[in-house]
Structures are given as structure tokens and as C-alpha cells.
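Novice: Following this message is one structure expressed as C-alpha cells.
The values are calculated or read from the model by the stated rules, or taken from the named source; none is laboratory data. Not measured: the values here are computed from a predicted model. A quick note on method: Cβ atoms are made from the backbone with ideal geometry, for glycine too, and the neighbour counts reach across all protein chains shown. Note: accessible area is taken over every heavy atom of the protein model, side chains too, but ligands, DNA and RNA are not part of it. Shrake-Rupley method; radii C 1.70, N 1.55, O 1.52, S 1.80 Å.
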Number of protein chains: 2
Amino acid sequence: MEDKSIPDIVVGRLPLYLRTLQRMAHEGRQVTSSQELGEKLGISAAQIRKDLSQFGEFGKQGTGYRIEFLLDQLCSILHVNRVWDVVVIGAGDVGHALARYQGFANRGFHIAMVFDSDPQKIGQMVGEYTVQDIANLVPVVQAAGIRIAMLAVPAQQAQAVTEQLVQAGVKAILNYAPINLTVPTGIQVQDIDPVIHLQRMSFYLE
Amino acid sequence: MEDKSIPDIVVGRLPLYLRTLQRMAHEGRQVTSSQELGEKLGISAAQIRKDLSQFGEFGKQGTGYRIEFLLDQLCSILHVNRVWDVVVIGAGDVGHALARYQGFANRGFHIAMVFDSDPQKIGQMVGEYTVQDIANLVPVVQAAGIRIAMLAVPAQQAQAVTEQLVQAGVKAILNYAPINLTVPTGIQVQDIDPVIHLQRMSFYLE
């Protein structure tokens with residue numbers, strides 16, 4: 001069903017549709033419309049119809065979208081109709097927050113292990129995880145077949161750890177370190193840096 | 001110098017240029033090029049030249065960009081040639097991580113205060129901050145003239161707290177709660193939800 005030629009900017013909106021639909025389903029709702037989704041997301045109804053039409057016919061003219069059906073389709077398109085194991089690197093404040101975050105459940109991801117390089121942290125518990133020694137990262141992650149990592153190490157260590165993750169077979173990295181990682185073709189990186197978002201907003205402030 | 005008609009997608013790239021240039025300056029570099037910036041960021045050199053040309057003439061053909069000059073200009077455009085006080089709402093794991101995060105310094109933002117609604121947390125220290133009672137949010141934030149908030153409360157409370165923030169005069173909200181906030185025109189929201197980024201990447205995984 002999915003088509004890899006879908007523009008990345010469209011792919012980037014699908015998780016927002018999914019999150020909104022999951023909330024509606026949770027509230028017991030059964031049907032929605034591109035108008036309602038658009039109002040909740042600040043995206044035009046026309047854009048939403050156009051985005052969704054790239055993947056098939058999800059709604060009928062005038063009757064809207066069946067939420068459960070659209071949810072299933074979006075989960076399938078985004079490959080979250082399964083649960084992905086994720087490795088967290090870095091057991092500092094951000095790693096702690098990630099390891100204890102309740103928001104991954106039912107959204108396609110499960111933290112499988114946590115690593116750090118600090119002898120004081122290795123062996124300690126972070127949430128429900130025992131912190132493992134980063135010296136074992138490559139063989140352990142490789143053996144577990146993990147494809148997704150969340151990188152929460154200091155900026156100076158982030159590139160070196162990234163190279164280990166790539167070596168271990170990781171294909172997607174959510175980067176919390178405030179630097180631009182260099183990765184081979186075929187490895188995806190998404191960055192989470194609060195300052196980038198704050199600066200995008202301060203542009204508009206007087 | 002700035003022009004509010006600049007497309008938001010261009011505005012969104014400027015903080016990435018700024019972060020990369022700050023790192024180069026930190027490494028003692030003096031000159032760069034759109035080619036080098038492009039390689040570091042995975043953005044075409046032509047796009048970078050086009051983005052920067054919207055704000056004026058920053059580089060000379062063939063000689064590249066003077067890093068310090070471009071840094072100053074970008075800081076001015078993004079309004080981070082000053083320091084903005086920011087309020088953190090929520091003293092849980094994410095609020096903790098934000099309050100102790102070292103990455104705000106020299107990038108235009110300073111956490112001024114932290115609020116929570118939990119009597120167990122009010123009065124406790126989080127990083128260098130004493131957690132304040134959210135019951136006092138509106139008058140305290142208003143009196144301090146704070147325009148930017150980071151919202152790290154549970155999803156169920158996020159919309160109600162947002163309305164208080166707007167009442168207090170906040171104009172920009174960095175939202176860590178996994179819901180879409182509804183705000184009046186003129187209030188900006190940026191969302192940080194790791195699952196949105198993870199799902200954007202899992203689309204491309206087999």
C-alpha cells in the first residue's frame with residue numbers, strides 16, 4: 001500500500017493524524033472528517049484529504065472517515081501495527097525521562113535496553129531497566145536485532161556513539177544531542193533539540 | 001531586516017544554520033560556505049544560499065561566509081541576540097531534564113521559574129529552581145513579563161494549563177504533552193513528541 005515516493009513532508013504529517021485519531025478513538029468517537037482533523041491540527045481540510053488520498057480511498061464523500069479503519073490503515077502505513085524495540089543510549093536526565101515515559105505504549109515502540117559509559121551508572125536501575133555498559137553496545141544491540149535508537153549522550157560523544165549504532169545495525173536514530181550527526185546513506189536521523197523549536201518561535205516574537 | 005512574509009519552513013531552517021555555525025565558531029573556524037553547511041545539514045547548498053539571501057547579502061561569491069558575521073545576523077533575525085526568560089510547567093521527569101539542561105546557555109533562553117500542581121513537589125528544588133505552586137501561575141508569570149513556556153505536564157492537564165499561560169501573556173509554547181493544543185490566533189505552539197519522530201522514521205523501515 002505505501003509508496004516510497006511519498007514526499008517526506010507528507011510522511012511527517014501522518015503521525016500527527018494518527019495521534020489525533022487515537023485520541024478520538026480513546027474518547028469513544030467513531031467517525032471524523034477532514035474538516036475536524038484540520039481544525040484540531042491547524043492544517044487545511046484539503047491538505048489532509050490530499051495527503052490521505054496518496055495511500056488509497058479512506059473516506060466516502062460526505063460521510064467522513066471511519067476512525068478505527070483509518071487508524072488501522074495509518075498504523076500499517078507507518079509500520080506501527082507492530083512493536084519496535086528501541087535502545088536508549090545515555091542514562092542522564094533525558095535518558096531517565098525516556099525510560100520512564102509512558103507515552104510509547106500502544107504507539108508502536110518499546111524501550112528494550114538502556115546503555116551508558118559511566119561506571120557509576122552501569123548496573124543501576126533507570127525506570128525498569130538495568131543500565132548496561134556501552135562497551136557491549138555493538139554485540140548486544142546486533143544480537144537483539146534492534147533497528148531504532150534514542151541518543152541522549154553529551155554532544156561530544158554523540159558522533160562516536162552514532163558510528164557504533166550504525167555498526168550494530170541501527171537504521172533510525174532519534175538524536176537528543178544538540179549536534180548534527182553524520183550518517184551513511186540509508187540511516188535516518190531525526191533531531192530533538194528544544195532550542196531549535198524555541199528559536200523558530202522567537203523569530204515571531206517582538 | 002527580517003520580513004514576516006518569510007515562509008515558516010525557511011524560518012524553521014535558520015536555527016539549524018545557527019547551531020552549525022556556533023559549533024564551527026566554537027572550533028575556532030572563521031569562514032564557511034553554503035557547500036560545507038549543506039553537507040553538514042543534509043540540505044542543498046543552493047537551498048541554503050536561497051534561504052539566507054531572503055535576509056540580505058551575507059556572503060560574497062567565491063569567498064564564502066564569515067562565520068561571526070553570519071552568526072550575529074542570524075541571532076538578530078531569530079531575536080536571540082537577547083536572552084528570553086522561559087517558564088517550565090511540570091516538575092516531572094521532563095521538567096527535571098529541562099531545568100537541568102545545559103544546552104540553553106548562549107542560545108538565547110534562560111529558564112526563570114518552574115511550576116507544578118503537586119503539593120509533594122511544590123517547594124522542592126528542581127535543578128536550581130524552587131518549584132512554585134501552579135495556583136500562582138497567572139499573576140507570577142504576568143508580573144515577570146514572560147512570553148515563552150515549556151509545557152511538560154500530563155496530556156489531560158495540558159489544555160487547561162495552556163489557557164492559563166495564554167491568560168498570563170505567554171505567546172510561545174513548547175509543548176511536550178502528546179496532544180494537540182488549541183490556542184488563539186497569535187499564540188505559537190511547537191510540539192516535542194518523540195513518538196511522532198519515531199513513527200516518521202518507522203515508515204521507512206522494513
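Novice: For chain B, modelled as a Gaussian network with Cα springs under 10 Å, which listed residue fluctuates most, B:ALA152, B:ALA99, B:ALA45?
Specialist: B:ALA45
Novice: Shortest first and in nm to one decimal, what separations exist between A:ASP118 and its copies in the other chains, measuring from label points 7 Å along the Cα-to-beta-carbon line?
Specialist: Nearest first, the other copies' label points are 2.1 nm away.
Novice: Ok, one more. With every protein chain left in place and a probe of 1.4 Å, what is the accessible surface of B:LYS50, to the nearest 10 Å²?
Specialist: For B:LYS50, the solvent-accessible surface is approximately 130 Å².
Novice: Once you have the Cα-Cα distance between B:GLN157 and B:ASP133, take 0.36 nm times their residue separation minus that, and quote the gain in nm to one decimal.
Specialist: In short, 7.2 nm is gained.
Novice: Further question on the same structure: What are the equivalent ellipsoid semi-axes of chain A, built from the alpha-carbon gyration tensor (square roots of five times its eigenvalues), in whole angstrom, biggest first?
Specialist: In descending order, the three semi-axes are 35, 19, 17 Å.
Novice: In whole Å, what are the extents of the protein assembly as shown along the principal axes defined by its C-alpha atoms, from largest to smallest?
Specialist: Each principal axis gives a Cα extent; for the protein assembly as shown these are 56, 54, 48 Å.
Novice: Report the one residue of B:ALA168, B:ASN136, B:GLN124 whose Cα lies farthest in the direction of the positive end of the charge dipole of chain B (charges on C-beta: Lys and Arg +1, Asp and Glu -1; origin at the Cα centre).
Specialist: Of the candidates, B:ALA168 comes out farthest on the positive side.
Novice: Averaged over peptide B:86-98, how many Cβ atoms belonging to another chain are found within 10 Å of each residue's Cβ?
Specialist: Counting other chains' Cβ atoms within 10 Å and averaging over B:86-98 gives 3.
Novice: Once fully extended, how much extra length lies between B:LYS50 and B:THR63, figured as 0.36 nm per residue of separation less the alpha-carbon to alpha-carbon distance?
Specialist: Between B:LYS50 and B:THR63, full extension yields an extra 3.0 nm.
Novice: A follow-up question, please. Given a 1.4 angstrom probe, what's the average accessible area per residue across segment A:47-206, in square angstrom?
Specialist: 44
Novice: Taking a point 7 Å out from Cα toward Cβ as the label site, list the nm distances between A:THR185 and the same residue in every other copy, smallest first.
Specialist: 4.7
Novice: Same structure, new question: What residue of chain B sits with its beta carbon nearest the rotation axis taking B to A, and at what distance in whole Å?
Specialist: B:ALA97, 2
Novice: Using a 1.4 Å probe and counting only protein heavy atoms, how much accessible surface gets buried when A and B come together, both sides summed, in Å² to the nearest 100?
Specialist: Result for this pair: about 6200 Å² buried.
Novice: Which percent of the accessible area of the protein assembly as shown is formed by carbon and sulfur heavy atoms (probe 1.4 angstrom)?
Specialist: 48
Novice: Still on this structure: Using the 7 Å Cα-to-Cβ label point, sort the distances from B:LEU205 to its equivalents in the other copies shortest first and give them in nm to one decimal.
Specialist: Its label point is 3.6 nm from the equivalent points in the other copies.
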